[in-house]
Amino acid sequence: MSTQRKTQQSAGTVEENALRLKKEKAEQIIDALNTDLADAYVLYHQLHKHHWNVEGAEFRDIHVFLQEVYENVENAADELAERLQALGGVPHASMTTLAENATVEAEDEDVYDIRTSLSNDLEMMGDIIESYREHIELAEGLGDHATAQMLREQLETIEEHTHHVEHYLEDDTLVLEAATN
């Protein structure tokens, strides 16, 4: 096994791309996508935490729902990273870099009731939705219609999940009030 290390591309650099998007435009889109990638991993880990820790009468449904959502977020992150690379960029990959570049902040290590957890997820998803809308406009404005379309599709999915979280947080429940005390 060779002990030599050869860097193929340094983090933070942008190379010419076969997609024929000019480097100056690609740099802006790559920065936006790396932000989306970092945010996706923060959301992924928070959703996973809530999936592990959910308790209560609605445990099963919420447990399954959160798994579906974090798997969708993980797939979206993969798609973002692959698009970044196709545009000539280097996707953020280390936990330190992802945390430093995320615009959303994960809750701490404590375990909260599921209503609090879902409220925190709803807030983070809302922030990510706003960021996606800005990045769709950026990509469209720079003529990168494929990235804009990819982000639109991901936006539709996260909006759908956000809507479902909102429904979980409604007051109506089959659980008797006595059971929650």
*asked:* Need the full-extension length gain, Ala106 to Ser119, defined as separation in residues times 0.36 nm minus the C-alpha distance. One decimal, nm.
replied: 3.5 nm
*Separation between the Lys25 and Glu159 pseudo-spin-labels, each 7 Å from Cα along Cα→Cβ, expressed in nm?*
2.5 nm
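Using only C-alpha positions, report the orientation-averaged shadow area of the convex hull of the chain, nm², one decimal. Working shown, then result.
Numbers: hull surface 51.1 nm².
Projected area, direction-averaged: 12.8 nm².
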*asked:* With an 8 Å Cα cut-off and a minimum separation of 6 or more residues, compute the relative contact order for the chain in percent.
replied: 27 percent
_If I build a Gaussian network model for the chain, linking alpha-carbon pairs within less than 10 angstrom, which residue out of Ala76, Ala146, Ala32 has the largest mean-square fluctuation?_
Ala146
_Longest to shortest principal axis, alpha-carbon extents of the stretch 26-69, angstrom_ = 48, 13, 8
_Charge dipole magnitude, Cβ of K and R +1, D and E -1 - the stretch 29-127, Cα centre, debye nearest 20_ = 220 debye
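Taking 0.36 nm per intervening residue step and subtracting the Cα-Cα distance, what contour gain separates Asp172 from Phe59 on full extension? Please list the in-between numbers first.
Numbers: separation 113, 0.36 × 113 = 40.68 nm, distance 1.58 nm.
Stretched out fully, the Asp172 to Phe59 stretch lengthens by 39.1 nm.
Kirkwood hydrodynamic radius, computed over distinct alpha-carbon pairs, for the stretch 98-181: how many Å, to one decimal? Working shown, then result.
Details: mean 1/r = 0.0662 Å⁻¹.
When all Cα pairs of the stretch 98-181 are included, the Kirkwood radius is 15.1 Å.
Where the only charges are on Cβ atoms (+1 Lys, Arg; -1 Asp, Glu), what is the dipole of the stretch 1-86 about its Cα centre, to the nearest 20 debye?
Working: 9 positive and 16 negative charges, 108 e Å.
So the dipole magnitude of the stretch 1-86 works out to roughly 520 debye.
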*asked:* As I understand it, the dipole of the chain uses +1 on the Cβ of Lys and Arg and -1 on the Cβ of Asp and Glu, about the Cα centre. Which of Leu66, Leu21, Met125 lies farthest toward its positive end?
replied: Leu21
_0 to 90° range, to nearest 10: angle between helix 59-86 axis and the chain longest Cα axis_ = 10 degrees
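Assign unit charges at the C-beta atoms only (+1 for Lys and Arg, -1 for Asp and Glu), then state the dipole size of the chain relative to its Cα centre in Debye, rounded to the nearest 20. Please report the intermediate quantities before stating the final value.
Working: 12 positive and 40 negative charges, 258 e Å.
For this selection, approximately 1240 debye.
Any read-out appearing in this document is the output of simple, stated calculations on the displayed coordinates, not a laboratory observation. Since the structure is predicted, the reported quantities are computational estimates derived from the model, not experimental observations. Here Cβ is always computed from backbone atoms with ideal geometry, including for glycine, and neighbour counts include all displayed protein chains.
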